[in-house]
Structure formats: structure tokens, C-alpha cells
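All remarks here apply to the structure that follows.
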Amino acid sequence: MDVLGWIVTSLNREWLHERFGHGIFPSVMSRTYLVYCLAAVGAFTEGLVKANEGVRIAEVIDHPFTLEQMYHSVGYLALLQGDFDRAIPVLERARGICRAANIQSSVPGIASALGHAYALAGRVDEALPLLEQAVERAPAMKRGIDLAHCVAALSEGYLLAGRRDAAAPLAQRAFELSQEYKERGNQAWTLRLLGEIAARRKPPKVESAEASYRQALAFAEELGMRPLQAHSHRGLGILYTQIGRREPAREELSAAIALSRAMKMQFWLPQAEEALVQVT
């Protein structure tokens, strides 16, 4: 974030529309990746400021690849905050640019993000074909950096569709890929997903779920990934509520609620608040 912030500050005024010999526009791409970083640490307000700056510059430049990359990061920011009404239109726009300009390399990442947004918004039937397409096409694009994320998103899509048996091996595969490519952020998110899958078993696999959530939380705290901290606390709190561990449930749910409110992650608040009522 420090390096990207320095680039954003340096490339102003006369440098905004310069390529410097690259196929992309650094003034926009630096904002694109900065937005991803800010989203990962839950700095959504600052991220939105940088996102809006990047979109304004990209729309003036009107370079398809640069524009769809910027839209993708804006959609990811909104997706991570749980604002699907904002995430879905901008990701659909990015996907439309890829189609119109035949930008094949970006298809898996955008299809995965859009499918993930559909799934979380309750549009699972629309989500699964996109999520499956992303997993099928990512290896062909030789985009190893997208693969673990795409596989994890498909796993969560299956979980939300009630297909736990299909979700579990995919989550394990995503975890292995994140280790192979040394993607600690994806590894952390996938641990949270493994915890979620174990917690939703009937009966829940309590020890496995608790261990996965705790590992995810340790990564999240080390890396400053506050949205993941909120999800991990909420998962643990709901798990403890289900098995009657009232005091740890209150602690975890209170932490999840405080983090979610601070980052304005409103979508997930009711679930945590309802669970907290049960143990107070």
C-alpha cells in the first residue's frame, strides 16, 4: 500500500494519461491494486475514494483493458463490504467490456467475482455457471494467481446452494493451491471457508470448524485483514451458539458485530445480532 500510494501521488496532472511504454496506464493500475489492498484490510471508505478517482481517469482514457481492471477492483471492494447492489452492476460492466474487446485473460477473475456476488446476494442459480466457468478457464489462461480464489468461490457457491459434499473437496483444493502459490491471503480466506463447511455439517464437526476458524483468524490478525477477522469471529460465535457455549459465543459475536459496524459491513450484521440475542 505504501508503494502504490507513492505511485498514485507521483503520477498526477500531466502524468495521469501516460503509459510510459507499458500496455496499461500506471496511474489507473496503481489505483486498481491499491483498491484491492484497501478492501483486504477493511479500509472501505478510503478504498472508495481511490476507486472513484481511478474510474474517472479510466473513463477519460477509455482503454478497455485498463477500464475493466479498474471496474473489477471497484466491484471487489463492494463485494467484500457486502454491498451487492453496488458490486453486481460494476462487475457486469467489466464482464461486458471483456466480451466486447475480447479480453480473454480477465474472464476467470471477473466471472468468479460476479458469480460470488450473485451467490451471496441469493442468486445462486445465476452464480454457479459463472463460478464453474471461472474454474474451467483459469488454468487455460495460465492465471495461477486467480486459480485458488476461483476454486474457493465455486466451493462457497456450492455451499450456499446446499451442496456441502461438492463444496468440501473444492475448498481443500483451494487451500492447497493457495499454499502452492504462496498466497497467504487466499490461504486465510480458504481456512475460514473450511471452517464454515465443517460448521454446517449435520451434526457440525466442531473441532475441525473451530480449528479452521482459529487458523483463519490468526492469519487475519497477522496480515491486518479486518473483514476476514469479522467473518471468522462471526463463524466461531455462531458455532459456539449452536453447541451451547454461551460465554465464548458472546465474546466472538460481540467482536464480529463491532468490526462489522466499524467497517459498515451491514449485510452480515443481522445474522450475528440474532445469534447474540440467543446467548444473552
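The values are calculated or read from the model by the stated rules, or taken from the named source; none is laboratory data. Since we're looking at a predicted model, the values are computed, not measured. Cβ sites come from the backbone with ideal geometry, for glycine too, and all protein chains shown count toward neighbours.
Key figures for this structure:
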| quantity | calculated |
| --- | --- |
| Scope segment 134-164; condition in a helix (DSSP H, G or I) and touching a Ser or Thr at 6+ places or on another chain (Cβ under 6 Å); matching residues | 134, 148, 150, 152, 153 |
| Tally, over segment 99-117, of residues that are more than 15 Å from residue 75 (Cβ to Cβ) and among the β-branched types (Val, Ile, Thr) | 1 |
| Residue within segment 181-199 that is over 25 Å from residue 135 (Cβ atoms) and not in a helix (DSSP H, G or I) present | no |
| Hits in segment 200-222 - residues which are part of a helix (DSSP H, G or I) and crowded, with 16+ Cβ neighbours inside 10 Å | 206, 209, 210, 212, 213, 215, 216, 217, 219, 220 |
| Cross-chain or 6+ apart pairs with Cβ under 9 Å, segment 243-255 first and farther than 19 Å from residue 231 by Cα, then buried (at least 16 other Cβ atoms within 10 Å of the Cβ) | 244/279 |
| Residues located in segment 154-187, provided they are touching an Asp or Glu at 6+ places or on another chain (Cβ under 9 Å), more than 20 Å from residue 119 (Cα to Cα) and surrounded by fewer than 18 Cβ atoms within 10 Å (Cβ to Cβ) | 184 |
| From the options 214, 226, 245, residue that is of a type in the set (D, E, K, R) and under 23 Å from residue 81 (Cβ atoms) | 226 |
| Boolean, residue 55 is among the hydrophobic types (A, V, I, L, M, F, W, C), at pLDDT 95 or above, under 13 Å from the mean Cα position of the chain (by Cα) and within 28 Å of residue 3 (Cβ to Cβ) | no |
| Residue in segment 60-73 that is out of contact with any strand residue (DSSP E or B) (no Cβ under 9 Å at 6 or more places or on another chain), surrounded by fewer than 14 Cβ atoms within 10 Å (Cβ to Cβ) and without any contact (Cβ under 8 Å) to a residue 60 or more places away in the chain present | yes |
| Which listed residue is modelled with pLDDT of 95 or more, assigned by TED's automatic domain parsing to the domain that holds residue 153 and surrounded by fewer than 24 Cβ atoms within 10 Å (Cβ to Cβ), from 115, 122 | 122 |
| Residue match in segment 225-234 (condition: farther than 21 Å from residue 47 by Cβ, in a helix (DSSP H, G or I) and of a type outside the set (S, T, N, Q)) | yes |
| Search result, residues across segment 69-102 that are among the polar types (S, T, N, Q) and closer than 18 Å to residue 49 by Cα | 69, 73, 81 |
| Meets criteria (surrounded by fewer than 22 Cβ atoms within 10 Å (Cβ to Cβ), in contact (Cβ under 8 Å) with a residue 24 or more places away in the chain, touching a helix residue (DSSP H, G or I) at 6+ places or on another chain (Cβ under 7 Å) and not small (Gly, Ala, Ser)) for residue 110 | no |
| Residues (over 21 Å from residue 81 (Cβ atoms), of a type in the set (A, V, I, L, M) and surrounded by fewer than 19 Cβ atoms within 10 Å (Cβ to Cβ)) located in segment 9-52 | 16, 24 |
| Residue under evaluation residue 167, criteria (1) assigned to a helix (DSSP H, G or I); (2) at pLDDT below 95, criterion not met | (2) |
| Residue match in segment 92-104 (condition: in contact with a His (Cβ under 7 Å, 6 or more places away or on another chain) and assigned by TED's automatic domain parsing to the domain that holds residue 66) | yes |
